[in-house]
Amino acid sequence: MQVTCLPTKDRHTTNMNEKILAELRTELNMQTARMPWTELERWFASGGVIRVANELDLIDVAARIAADDKTSIQQWMAAGLIGKVMDNQAAVWLSQNSLLWTVVVKPWILVQQERVQPSGKPT
């Protein structure tokens, strides 16, 4: 088996990036909140609300957006895992009086529906 190592400069950059992402995750985790959709409608109307699929970790997505990780963001967008909230989704959240997890990464508000455990309890 052959192991390929990154050059020292690339390893240092990767370690720095991971350290920065870890710090961002910690900071953003403390800034998350559950908010009713009705309180987010104003930002939705101005195009500032981004939906994050439940398959992704909201905090990780926020950290990568804050760190300008274009590769990850483009992959998620192409896969339909993140994107602007569409009118039909906004209407569903309004009719259900949905409570969403939120975190701000200016100029965006990232939202994610609460996950429901098999027991029926949200997480």
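The values are calculated or read from the model by the stated rules, or taken from the named source; none is laboratory data. Owing to the predicted nature of the structure, the values given are computational and were not obtained by experimental measurement. Positions of Cβ are backbone-derived with ideal geometry, glycine not excepted, and every protein chain shown enters the neighbour counts. The protein model used for the area step is the full one, side chains on, heavy atoms only, and it has no ligands, DNA or RNA in it. Shrake-Rupley method; radii C 1.70, N 1.55, O 1.52, S 1.80 Å.
Here the spin labels are modelled as points 7 Å beyond Cα on the Cα-Cβ line, and at Ala78 and Asn97 they lie 4.2 nm apart. Shown in residue order for segment 37-44 are the 3J(HN,Hα) couplings computed by the Karplus curve 6.51 cos²θ - 1.76 cosθ + 1.60 at θ = phi - 60°: 4, 4, 7, 9, 4, 4, 6, 4 Hz (x for Gly and Pro). Only protein heavy atoms count here; on that basis, with a 1.4 Å probe, Ser46 has an accessible area of about 90 Å². Averaging 1/r over each pair of different alpha-carbon atoms in segment 23-116 and inverting the result gives 13.3 Å, the Kirkwood hydrodynamic radius. Under a plain spin-label model, where a point goes 7 Å from the Cα along Cα-to-Cβ, how far apart in nm are Lys19 and Thr71? Inter-label distance under the simple model: 2.0 nm. Here's how it looks for Leu100: its modeled amide H is under 5 Å from those of Met35, Trp37, which are all 5 or more places away or on a different chain.
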